[in-house]
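Visitor: Sharing a structure, written as structure tokens. Questions coming.
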Amino acid sequence: MRRNAIVGLLFTAGIALMIAPLIAPPKTAKSPAPSPSPASYRSEQRVLTPQQEHSYKQMSIQRDMDASEKLCRLDCSRDVHKFVAEHDRIPTADRASHLKQIVAEHPHMVRVEWVRDGVPVREGDAKEELLKLAASDLAKAETALKTGKGYESASFKYDGKSHFVIAVPDESAGGDGVVALVCTDIVQEVERHQRRNLRVVPYPAEGRYRLESVIPGTNKDTTVRTGEDNGNASHYAVDEIVVKFRKPLEDRELLKLRKELDLTVVRHRGQTYLFRSKSRSMDELKHYFTAKWNPIFAEPHYLYLTNVANKTNETNKTDKTNAIIVPNDTLYSDYQWNLPEIATEQGWTVTRGANDIVVAVVDTGVQLDHPDLQGRLVEGRNIIDPTSEPLDDVGHGTHVAGIIAAKVNNNEGIAGMTWETKIMPVKVLDSTGAGTTYSVAEGIIWATDHGANVINMSLGNYASAEFLHDAVKYAHDKGVVLVAASGNDNTDRPGYPAAYPEVFAVAATNEDESKAEYSNYGDYIDVAAPGTSIASTYPGSRYAALSGTSMASPHVAALASLVRAANPSLTNEQVMELLRSTAKDLGSRGRDNEFGYGQIDAGAAVAAAGSQPGSASGTAGTAAELEAPGGGTLRLYPQRIKREVEELLRRSIR
């Protein structure tokens, strides 16, 4: 029905397209782009050799490791200063138990020494070998305390993990203070995570899921030997198949299949079944069901992967001249370049979100007790293991959640893009950061049925799965805004779910507004958002900087939630159109394959939403604005028709 309506409007659209340039205000001329460099990859240089791409990704990983160590040091310094401030309030008899509690709450602090009145009390489980290695730095820290000075050592490694020593004096009592031996293993965690996330190494390794790797869109076998090979491969379980029958199976039919094909039913929803066979391959199963059952579809069970790649403000600042809000979160000013870049601070003057708007993070789960996410989570679901909570055992989902909704202006950690929006953690990826299309589809359906207004999917692969697409269409028809990362292989091969027409596809940008060197591109990209070295929450109540389109996507999901808060009457299609129409044009003039319609602009988007009928500000709007053909306002009508015509042309070419 929707396609017929679009075709019926082609003539009108043609006129609209011709008129648009005449009535559009002239664009402000851009300043000349800086010369390309390894740190500033320009969109016109998108064709990279495998060696160049590998080099750029290695640089991104090292940058993320360095930034994560700085985040850890700054966060630890803040915590130790808090410990020192507690000195006078803790009775002598309670010092040991209180110190034990501190170490339990901060497991990365492997030994803490609390000096009061010249008497040290120590707690922690640091091994003797580590203490010997750190002896020199610990001695320097203790000496510094005696003279009322602080100390911070260089990093050193023990057992493959980074460590450092920090000392903070008690300025109210000479010689007193705290010395901590800190394990910054988060640096190595980030390295491992990003080597997989940015596809520097073959991932996932064949064998973990009994996988087969094939060229996308075919069943032609391929072998993934290097990270570069990830960009031209899909992965599926060799002994499983997803079948959607014309109607649900009867018990006798299931029993016959079990006996004939040695099958077990892994999962089942309506008339769609996930089967696993002990003796038959996927190809054999597909041939059998296609020939004998005439199903709606019978397809491989594909695997989807994650798509990732020192100043404190004392008060909340409002710049009345520029109408912006600068939060006081500890890491904001020095490390969160991403939010000012997309005019988030200006957007907060219109809306900071609404506590009845929910963004489902369909991912690896979330650290449910992270201090910077307290009060921001609603009930979630663990699709992998429904008997367990959706806890994050990878780090990816917690990082994504923080970008969207970490507590703002609480003098701690980072600031999320929204002050009120809630996060629904839906765990569909396991401890390796991988999950199946069936799990992702179930997660989308569950989130939709439990009140999600926006769904973020920082995951994907190059295989289009019918059951997953069914789930996407189900959510879209229910009014959900679906946002997905494009992928990290620097390829124009369409990645799914991002390339489904119902999904808003996101590419990644660097700090200088260039296309991120790892970011996928193509004619399915809707917009771009910051994705490089993004600081956010991380398991262990810590913070890390990660890069990838996985980090870009939640910026867009968060903005969609802000737009919905500013104007609850907008449909999901209208929200997506508004994000496109207000994006900052980058790269080639107009829509292009690297940035889509441009980099999101939070200030412009929420302002546009707030000025339309049905907005939270109560603006009435004109009769013309209320009566655009097909719904929505006339303000967005030309852009929407132009985009839909482009979409029709794109599909007809494929």
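Visitor: With a ≥ b ≥ c taken as the square roots of the eigenvalues of the C-alpha gyration tensor of region 91-158, please select rounded if a/c is under 1.5 and otherwise prolate if a/b is larger than b/c or oblate if it is not?
Guide: Judged from the Cα gyration tensor, region 91-158 comes out oblate (a/c at least 1.5, b/c at or above a/b).
Visitor: Based on Cβ point charges of +1 for Lys and Arg and -1 for Asp and Glu, what charge dipole magnitude is obtained for region 458-527 about its Cα centre, in debye rounded to the nearest 20?
Guide: 260 debye
Visitor: Another question, if that's okay. Using DSSP to define loop residues, name the trypsin sites (Lys or Arg not before Pro) in region 81-146 whose beta-carbon has at most 13 other beta-carbon atoms within 10 Å.
Guide: Details: sites: LYS82, ARG89, ARG95, LYS100, ARG111, ARG116, ARG122, LYS127, LYS132, LYS140, LYS146; in loops: LYS127.
Here the trypsin sites (Lys or Arg not before Pro) that fit, given the DSSP loop and packing criteria, are LYS127.
Visitor: Right, something else. Based on the Cβ-Cβ distance from ARG122 to GLN188, what FRET efficiency comes out when R0 is 25 Å, to the nearest 0.05? Mind dumping the intermediate values first?
Guide: Numbers: r = 26 Å, r/R0 = 1.03.
My answer for the efficiency is 0.45.
Visitor: Let me ask something else about it. Summing Lys, Arg as +1 and Asp, Glu as -1, what charge do residues with Cβ under 11 Å from the Cβ of ASN453 carry, ASN453 excluded? Don't skip to the answer; put the middle values down first.
Guide: On the way: positive: LYS422, LYS478, ARG564; negative: ASP356.
Charge balance near ASN453 sits at +2.
Visitor: Take the alpha carbon atoms of region 116-159, find their center, do the same for region 417-451, and report the distance between the two centers in whole angstrom.
Guide: Region 116-159 and region 417-451 have Cα centres spaced 43 Å from each other.
Visitor: Order these peptides, 589-598, 356-365, by their mean beta-carbon neighbour count within 10 angstrom, highest first.
Guide: Listed from highest to lowest mean packing, they are 356-365, 589-598.
Visitor: Which trypsin sites (Lys or Arg not before Pro) from region 241-273 combine a DSSP loop assignment with at most 16 other Cβ atoms within 10 Å?
Guide: Those satisfying the criteria are ARG246.
Visitor: Please say if region 481-585 is rounded, prolate or oblate, where rounded means a/c under 1.5 for a ≥ b ≥ c the square roots of the C-alpha gyration tensor eigenvalues, and otherwise the choice is prolate for a/b larger than b/c and oblate otherwise? Write down the numbers at each step before the final one.
Guide: Numbers: a/c = 1.75, a/b = 1.19, b/c = 1.48.
Oblate.
Visitor: Between beta-carbons, use under 14 Å as the cut-off and find the net charge around ALA67, counting Lys and Arg +1, Asp and Glu -1. Write out the running numbers ahead of the final one.
Guide: Values: positive: ARG63, LYS70, ARG73, ARG542; negative: ASP64, ASP66, GLU69, ASP75, GLU189, GLU191, ASP334, GLU511.
So the environment of ALA67 carries a net charge of -4.
Visitor: If you take the square roots of the eigenvalues of the alpha-carbon gyration tensor of region 322-416 and sort them as a ≥ b ≥ c, do you get rounded (a/c under 1.5), prolate (a/b over b/c) or oblate?
Guide: It is prolate, given that a/c is not under 1.5 and a/b is the larger ratio.
Visitor: Long-range amide H contacts for LEU377: which residues qualify at under 5 Å (H placed 1.01 Å from N, peptide plane, sequence gap of 5 or more or a different chain)?
Guide: ILE423
Visitor: Which residue, chosen from HIS81, LEU99, GLY118, occupies the Cα position most advanced towards the positive end of the dipole of region 50-122, where the dipole is computed from +1 (Lys, Arg) and -1 (Asp, Glu) charges on Cβ about the Cα centre?
Guide: GLY118
Visitor: Mind listing which GluC sites (Glu not before Pro) in region 66-128 are in a DSSP loop and have 16 or fewer other Cβ atoms within 10 Å?
Guide: Details: sites: GLU69, GLU86, GLU105, GLU113, GLU123, GLU128; in loops: GLU86.
Passing sites in region 66-128 are GLU86.
Each reported figure results from applying straightforward, stated rules to the coordinates on display, with no laboratory input. These figures come from a predicted structure and were not determined experimentally. Reconstructed Cβ throughout: ideal geometry from the backbone, glycine too, with neighbour counts over all protein chains shown.
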